[in-house]
Amino acid sequence: MKRRRYEFFNGVIILKVMVTGGAGFIGSHIVDLLIQEGHEVLVVDNLVTGKKKNINPRAKFYKLDILDFELEEIIKREAPEVIIHQAALVYVQQSLQKPLEDGKVNILGTLNILRLANLYGVKKVIYASTCAVYGESLGKWSNEEDPINPISFYGASKYMAESYLKLFHKLYGLDFTILRYGNVYGLGQNSQGEGGVIPIFLEKIKRGRAPIIFGDGEQTRDFVYVKDVARANILALNKGAGETLNIGTGIGTSINNLYQSLREILHFSIHPLYQWQRLGDVKHICLNPNKAREVLGWQPRYSLHEGLVECLGGW
Ligand code: NAD
């Protein structure tokens, strides 16, 4: 494995970064920003939900499962300095029906990434975790040190991966930052993902159909814009060693209010239909973003309204 001499771009050290899941919604935004900042980027993605057209043409693409044996050869040969690990199965509801598939990718897949990162001298792993690890917020906000109490297998598998990451750090000194995202929204999101409520609504509205709201619509979520999430990952390249950080806005928005905002921006009059609350869906989740501000110097630049106005035009 050969180590490179550091080069600089606009005063920033150019890093070789591998992004798993870089063809997906959030991963592709991270790849774009990394390339914009002058970094060299490798994407590993099996395209199970991601799309090749999402991948920045300046990134080197390996169509590969994170559990594939070939990954070892690639990490050995390419010797990335950082791995930003986004690849996962992100369906809360599917995790309840197919817990083995969820666990295989989210736990074993991550374990494979960590094993290889450790074996081939990767300096840092930045891990995409989720507010789903908390289950319900206990007070106004979930804080990083709050008890872990997921109510879906997805939340459990994402937390198990966090635990492995911390152990690799403890046992072998592998550096990491864990970023627990709120409900991420923005361009490129598909309608089945964890934060997919906005594209699901939009798809129905475009066809003149009534979107479905599960429960009474008063459940709240912390909606964070994908460009803010991508920026948090870039900041974590050089900061946040050994930290677990919430990446949210600190503002809880009910699904009814979200629907109302969409109505005001897009000027439609369709009323939603209400159905029973689903198993695995929390009532209230909102993230305290203060630690990310202190540690990374990160805070969201987009309000929900600003994010929606920016991305709805392109949807
Ligand atoms: P996504 O489905 O758009 O992206 C996931 C990517 O991983 C896809 O491109 C998919 O093809 C790839 N992938 C899945 N399994 C793979 C495997 N075995 N090998 C290689 N590639 C594989 O989802 P997303 O919303 O962009 O989520 C990205 C990350 O952020 C995930 O780790 C997810 O748990 C986390 N997250 C997302 C949200 C959200 O609101 N979208 C919230 C919290 C956390």
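The values are calculated or read from the model by the stated rules, or taken from the named source; none is laboratory data. If you're wondering where the values come from, they're calculated on a predicted model, not measured in any experiment. Cβ: placed from backbone, ideal geometry, glycine included. Neighbour counts: every protein chain shown. To get the accessible areas, we keep the full protein, side chains included, count just its heavy atoms, and leave off ligands, DNA and RNA. Shrake-Rupley method; radii C 1.70, N 1.55, O 1.52, S 1.80 Å.
Some points to look at:
- Amide H contacts under 5 Å for Ile151: Gly135, restricted to partners 5 or more places along the chain or on a different chain, H placed in the peptide plane at 1.01 Å from N.
- Here each label is just a point 7 Å from Cα along the line to Cβ, and for Leu47 and Glu145 those points are 4.7 nm apart.
- For the chain, built as a Gaussian network whose Cα springs stay under 10 Å, the top-fluctuating residue of Leu179, Leu42, Leu266: Leu266
- For region 196-295, the relative contact order is 45 percent, taking Cα pairs closer than 8 Å that sit 6 or more residues apart in sequence and dividing their mean separation by the residue count.
- A dipole drawn for the chain from +1 and -1 charges on Cβ atoms has a positive end, and of Tyr274, Ile126, Asn256 the residue lying farthest that way is Ile126.
- Glu203 contributes an accessible area of around 90 Å² to the protein surface, as traced by a 1.4 Å probe with all chains present.
- Relative contact order for the chain, counting Cα pairs under 8 Å that sit 6 or more residues apart, in percent: 17
- Against the main long axis of the alpha-carbon atoms of the chain, helix 197-206 sits at an angle near 50°.
- Two-decimal Rg/Rh across the chain, once Rg and the Kirkwood Rh are taken from alpha-carbon atoms: 0.96
- Accessible surface ranking that places the most exposed of His271, His284 first, with a 1.4 angstrom probe: His271, His284
- Amide proton proximity set for Leu245, modelled H, under 5 Å, gap of 5+: Ile178, Leu179, Arg180
- Across Lys76/Lys124; Lys98/Lys158; Lys60/Lys104; Lys104/Lys158, pairs whose alpha-carbon gap is larger than 19 Å: Lys60/Lys104
- Take the Cβ atoms of Ala79 and Gln36, set R0 to 35 Å, and the FRET efficiency comes out at 0.95.
- Sequence of Trp276, Trp141, Trp298 when ordered by accessible area, the most exposed leading, probe 1.4 angstrom: Trp276, Trp141, Trp298
- Using θ = phi - 60° and Karplus 6.51 cos²θ - 1.76 cosθ + 1.60, couplings along region 276-281 (whole Hz; Gly, Pro as x): 4, 4, 8, 4, x, 8
- Working from label points 7 Å from Cα in the Cα-to-Cβ sense, the Gln97 to Arg278 distance is 0.9 nm.
- Note on the chain: with a GNM built from Cα contacts shorter than 10 Å, the maximum mean-square fluctuation among Asp65, Asp216, Asp45 falls on Asp216.
- In order along region 38-55, the phi-based Karplus estimate (6.51 cos²θ - 1.76 cosθ + 1.60, θ = phi - 60°) of 3J(HN,Hα) comes to x, 7, 8, 10, 10, 10, 10, 7, 8, 6, 5, 10, x, 10, 4, 5, 6, 7 Hz; Gly and Pro are listed as x.
- Principal axis box of region 5-141, alpha-carbon based, largest edge first, Å: 46, 40, 31
- Range of Cα positions in region 208-276 per principal axis (Å), largest first: 47, 26, 18
- Working from label points 7 Å from Cα in the Cα-to-Cβ sense, the His267 to Lys16 distance is 5.3 nm.
- Amide hydrogen neighbours beyond the local backbone of Val19, cut-off 5 Å, H modeled: Leu42, Val43, Val44, Ile84
- A straight chain from Arg301 to Leu119 at 0.36 nm per residue would run longer than the Cα-Cα distance by 61.8 nm.
- For the pair Leu171 and Asn190 in one chain, pulling the backbone fully straight at 0.36 nm per residue adds 3.1 nm over the alpha carbon distance.
- Acute angle (nearest 10 degrees) that the helix 110-119 long axis makes with the longest principal axis of the chain, alpha-carbon atoms: 20
- In this structure, Leu67 and Asp216 have a Cβ-Cβ separation that, at R0 = 41 Å, corresponds to a calculated FRET efficiency of about 0.50.
- Carbon and sulfur %, accessible surface of the chain computed with the full protein complex present, 1.4 Å: 54
- For Gln94, net neighbour charge (Lys/Arg +1, Asp/Glu -1) across residues whose Cβ lies under 10 Å away: -1
- Solvent-accessible area per residue for region 115-264 (1.4 angstrom probe, square angstrom): 38
- A Cβ-based charge dipole, computed about the Cα centre of the chain with Lys and Arg at +1 and Asp and Glu at -1, lands at about 640 debye.
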